Each structure stands twice: as structure tokens, then as C-alpha cells.
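The values are calculated or read from the model by the stated rules, or taken from the named source; none is laboratory data. Just so you know, these numbers come straight off a predicted model, no measurement behind them. For neighbour counting, all protein chains shown are included, and Cβ atoms are generated from backbone atoms with ideal geometry for every residue, glycine included. Remember, those area values only see protein heavy atoms, side chains included, never the ligands or the DNA or RNA. Shrake-Rupley method; radii C 1.70, N 1.55, O 1.52, S 1.80 Å.
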Amino acid sequence: MTPQWDQDWWEQWLRENAERLYGPARREAIADELARMAKALARLSAEQRDLAALPLDTTGVDG
Amino acid sequence: MSHPERGTIAETVAMIRRGELTASALVEQSLARIAALEPQIQAWALVDADGARQAAVATDHLAQRGAVLPLHGIPVGVKDIIDVAGLPTQAGFAPRAHHVAQHDAAIVARLRALGAILLGKTHTTQFAFADPAPTRNPWHLEHTPGGSSSGSAAAVAARMIPLAIGTQTAGSVLRPAAYCGVVGFKPTYNWFPLAGTLPLAWSLDHLGLFARSVRDITLAYAAICEQRVDATGREVAPSLVVLTDFLDRTEPAARQHFLATVDQLRAAGAHVREQRLPIDLDLILDVHHVIMLTEMAAAHWQQLHAYPDAYGPRLRAAVEAGQLVPASLALHARRLRGEITRQLNDLAQTADALVLPTVSGPAPGLETTGDRSFQAVWSLTGMPSISLPSGLSPDGLPLGLQLVGQRACDRRLLHVAAWCEQVLPELPTPPIVAASLAVDG
């Protein structure tokens with residue numbers, strides 16, 4: 001994860017891939033959802049927790 | 001004529017045991033309530049009157065032989081993403097209109113074994129996501145009942161049935177319970193098998209219960225789990241931790257109401273302290289969002305490709321966005337969930353329950369099912385949560401108090417909820433429901 005992967009970067013990335021997969025009309029139709037997801041991905045990207053200290057999720061929420 | 005729609009489930013079953021009431025009479029009363037109010041409330045995707053009547057007759061024969069079961073003759077509604085053999089599981093999705101279930105879902109089979117009568121399927125938002133169902137809020141028809149278990153909450157609030165089953169992936173049991181002024185309980189993740197229930201996001205999906213009181217919820221939960229749970233509540237006042245992060249996001253009138261409710265609990269003897277969450281709430285909600293949408297994408301992408309125009313706009317957008325998430329970040333979210341769950345469960349161990357408003361404000365209009373952020377945290381962590389009606393907003397809509405317990409400590413949470421329920425004032429009956437009951441005499 002790198003700090004430059006901010007919300008704008010993710011929104012651009014999602015929009016480009018949405019257009020490639022679904023076309024420009026769908027990309028615009030889901031623009032709000034892409035913006036919401038970009039915000040979430042930016043926060044997860046910026047998460048500075050020590051990854052090695054996080055247990056792997058192997059069994060879902062019951063793990 | 002008796003009025004079991006005004007009593008508890010335990011009282012109703014006791015009346016059957018004493019021979020003062022029959023399952024057939026209960027079913028007819030429920031069908032009459034539905035006939036009176038369904039045109040306005042639209043809680044039901046399908047009412048199986050014939051099936052319910054036949055089941056009631058068989059159940060009455062059992063009672064005549066002295067066999068009275070824990071939920072004997074209690075009419076139940078199940079959310080229409082849960083299979084009932086012989087009925088369609090439509091999930092609010094037109095292409096499934098004729099998809100008749102061959103088998104009962106595990107929870108339905110369990111309810112039947114306990115003597116409950118399956119009255120029909122309650123409306124859900126499409127596949128239990130966020131495109132509103134046709135259901136209206138019994139307290140005000142121009143407001144949402146919440147979702148996704150819209151019909152289950154509304155049917156209980158309208159006194160059509162005393163017990164309903166729903167599911168929660170973000171806030172789909174507790175939020176509609178709060179908006180409709182009933183009790184909603186989401187036990188610990190995986191408390192009962194989800195077999196026969198359509199998935200939305202399988203690592204977040206929980207079965208949940210709706211009823212008019214904690215006592216009814218406790219009786220049903222204990223029967224379903226085959227556990228002994230005392231429904232009378234604690235004698236000793238509980239210790240409660242108010243989670244202040246959520247108050248920053250609560251509408252002013254609802255915040256004032258919540259603080260007054262906590263003052264009532266404190267005055268009754270509860271030991272209350274305030275605390276902030278140990279992890280940023282926005283991070284928690286984003287982790288939930290990423291896990292939910294990626295699992296939704298995995299569950300729906302093939303069907304979306306086959307029936308794109310049959311999908312509701314919110315669900316379609318969410319599935320399409322979920323498909324775009326890089327796998328490394330989806331897995332990162334799952335690792336973060338482990339840490340979030342550990343820290344929040346540790347916090348829950350420091351008291352009898354965590355406390356927060358169930359919803360950020362009263363039910364909004366019909367264009368939405370409301371804000372899931374106050375309930376989704378506990379779907380992410382799998383911790384048990386329950387919503388109790390705590391009063392009415394200035395414009396006469398219900399508000400809820402949310403209690404959260406440690407994972408696998410569901411009974412303890414129910415005891416705390418029963419104590420709180422005794423302190424809080426009882427809600428009146430929704431006006432249109434009260435008017436209908438008055439006509440019935």
C-alpha cells in the first residue's frame with residue numbers, strides 16, 4: 001500500500017475500469033457508488049497497521 | 001374473544017395449553033389483521049392462508065392430545081429470501097417469481113418443529129440490499145419501515161403476527177425494528193444455520209428475530225437454540241458503556257432523546273460510563289463496505305449478467321462496484337476485520353453491554369431504507385445486538401436503543417435488554433393499527 005493511492009487516485013482507477021467493463025453509460029450511472037468505494041479503498045490503502053501483526057482471515061468472521 | 005395480539009407469546013401458548021385458544025383461531029385473527037391493514041402497509045409478498053389453516057388444524061390435533069410445543073400455534077412471517085417448501089422465494093426479483101422452494105430453510109424447519117405456523121413470506125428489499133420494498137411504516141405511511149427486512153418489521157408492528165424472521169448483513173434487522181417500534185434481535189454470527197436462505201454477503205449475513213417484546217424474543221430464541229434462557233431479566237442493574245462516536249452522527253432531536261433514555265437507565269440504577277471506540281469508526285464502516293460489496297459481487301455477477309434490467313439500481317451499482325475491487329484490498333479488509341472484532345469484543349467484555357442509538361434519527365421517507373452505519377459495525381464483528389423501542393420522536397416516529405454484547409454471550413445480552421425494557425416506557429400502538437383494533441373490538 002502506498003500513500004499516493006488516495007481517494008482521487010482510486011476514483012480515477014475505478015472509473016477507468018468501470019468504463020472498460022460496463023461502458024461509459026454505466027460508469028456514469030454508478031458514479032456515486034464508485035466515489036463511495038474510492039473513499040473506502042483510499043482509507044484501507046492508507047491503513048498503517050503492521051500487516052505482519054494482523055492474523056490472516058482463514059475462516060470468515062468466526063475466525 | 002381473546003386478543004392474543006395484545007399479549008405475549010408465552011401467554012398465548014399458555015392459553016392454548018389451557019384449552020382457551022386454538023391455533024386455528026390464532027391464524028384467523030392474523031388473517032383478519034392482514035385483511036384490515038395490508039392494503040395500506042404492504043408487508044407481505046405472499047400470504048399462504050390455506051397452508052396456514054391446514055397447519056393450524058394439525059397443530060390443534062396435537063394440542064388435543066396434550067402435546068403443546070414452545071411456539072404452539074404462533075403465526076410467523078419469514079422474509080422472502082428464506083425458503084419455505086412449496087412457496088416461491090422471490091427476493092423482490094421478478095425473474096424469481098416462479099422459483100418455488102423444494103425444501104424448508106433450516107430456520108423454517110425449526111420453527112415448524114416448535115409448533116409455529118408459517119403464515120407467509122414478508123416483503124424484502126431486492127435480495128436484502130437497499131432498493132426499497134413496497135412496504136410502508138405502520139406509524140406513518142409516507143415513511144420507510146427500514147430495510148431490508150421491511151415486511152417482517154412492519155407486520156409485527158401492525159400486530160399482524162407476534163413473531164417474524166429477518167436477516168441482517170449491515171443493519172437489516174435492527175434498523176427496521178427501530179423505525180417500526182418493535183424489538184429486533186441479531187444474535188452472534190452463525191447462531192443458527194443459514195441453509196435455505198439466499199446469501200447477500202455470506203460472511204456478514206445473520207438471521208434475526210422481530211417481536212413486540214424482549215420477553216417474546218427471548219422465548220423464541222431459546223426455543224430455536226434449545227437453550228434455557230430466563231426471560232424475566234436481571235435483578236442487578238447492568239453496567240453500560242455509551243459509545244460516544246455514534247452520538248456525533250446522531251440527529252439533534254434523536255441525540256437528545258438517546259441521552260434522556262440513558263439518564264432513565266442511570267436513574268434506575270445502571271452503571272453508565274462513556275467511551276470512544278478504540279478504532280476509527282470510518283475505517284470500521286469502510287472495512288464492512290468493502291467486504292459486503294465484494295461478496296455481493298461474487299454472489300450476483302453471473303445473475304446480473306443474465307438479467308441486468310431486473311436489478312434495482314442500488315443493488316446493480318453495488319455489485320458492479322464490488323466487482324472492481326482488487327483482491328488484495330478485499331483480503332486486506334478481511335484481515336482488518338479480525339483486528340476490529342478483537343478490539344471491539346474486548347471493549348464489550350468491560351461491561352454488561354455497549355449502548356448506542358439504533359438509528360441516527362427517525363424513519364426517513366420512502367425513497368430510502370435509512371442509514372446502516374449504526375448497525376453495520378456489529379454485523380461486521382458478529383457481536384450480538386438488540387434494538388428496543390425507546391420512545392417517539394417529536395413527529396411521532398419510533399426511536400430505538402441499541403445494546404451490543406460480547407460474541408457468544410447472547411443470553412447475557414437478552415438479560416440486560418429485559419432489564420432495560422422494564423425501565424423504558426412502553427410505546428403506544430401505531431395510530432392506524434389502534435384504530436383497526438378498535439373496529440375489531
Here is a check on your reading of the model: is residue B:423 surrounded by fewer than 20 Cβ atoms within 10 Å (Cβ to Cβ), more than 28 Å from residue B:187 (Cβ to Cβ) and more than 21 Å from the chain's Cα centre (by Cα)?
no
Can you pull out every residue in the range B:301-326 that is within 10 Å of chain A (Cβ to nearest Cβ) and among the polar types (S, T, N, Q)?
B:323
All but one of (1) crowded, with 19+ Cβ neighbours inside 10 Å; (2) modelled with pLDDT under 95; (3) not hydroxyl-bearing (Ser, Thr, Tyr) hold for residue B:223, so report the exception by its number.
(2)
Which residue out of B:391, B:396, B:400 is farther than 20 Å from residue B:248 by Cβ and assigned to a strand (DSSP E or B)?
B:391
The residue that is nearest to the chain's Cα centre (by Cα), considering only those in the range B:72-119 that are under 25 Å from residue B:23 (Cβ atoms) and of a type in the set (D, E, K, R), is B:79
Test of understanding: among B:143, B:206, which residue is open to solvent by less than 10 Å² (accessible area, probe 1.4 Å) and more than 20 Å from residue B:46 (Cα to Cα)?
B:206
Answer yes if at least one residue in the range A:12-20 is at pLDDT 95 or above, more than 8 Å from every other protein chain (Cβ to nearest Cβ) and either open to solvent by less than 20 Å² (accessible area, probe 1.4 Å) or on the phi > 0 side of the Ramachandran plot (or both), and no otherwise.
no
Matching option when the condition is of a type in the set (Val, Ile, Thr) and open to solvent by 10 Å² or more (accessible area, probe 1.4 Å), among B:188, B:218, B:169
B:188
Filter the range B:249-299 down to residues that are within 21 Å of residue B:359 (Cα to Cα), assigned to a helix (DSSP H, G or I) and either polar (S, T, N, Q) or at pLDDT below 95 (or both), then give me how many there are.
3
Per the filter on the range B:334-354, residues touching a helix residue (DSSP H, G or I) at 6+ places or on another chain (Cβ under 7 Å) and either part of a strand (DSSP E or B) or not acidic (Asp, Glu) (or both) are B:334, B:336, B:337, B:340, B:341, B:344, B:345, B:353, B:354
Checked the range B:403-441 for anything in a loop (DSSP other than H, G, I, E, B) and under 24 Å from residue B:38 (Cβ atoms); matches are B:427, B:428, B:429, B:430, B:441
Residue list for the range B:208-258, restricted to those being within 22 Å of residue B:376 (Cα to Cα) and without any contact (Cβ under 8 Å) to a residue 12 or more places away in the chain:
B:248, B:252
Which of the residues spanning the range B:332-355 are touching a Leu at 6+ places or on another chain (Cβ under 7 Å), within 12 Å of chain A (Cβ to nearest Cβ) and not hydrophobic (A, V, I, L, M, F, W, C)?
B:332, B:335, B:337, B:338, B:339
Being basic (Lys, Arg) and touching a helix residue (DSSP H, G or I) at 6+ places or on another chain (Cβ under 8 Å), is that true of even one residue in the range B:412-420?
no
Give just the number: which of (1) within 14 Å of chain A (Cβ to nearest Cβ); (2) open to solvent by 50 Å² or more (accessible area, probe 1.4 Å); (3) closer than 29 Å to residue B:433 by Cβ does residue B:256 not satisfy?
(1)
Exactly one of B:366, B:329 is touching a residue at least 12 places away in the same chain (Cβ under 8 Å) and within 10 Å of chain A (Cβ to nearest Cβ), and that residue is B:329
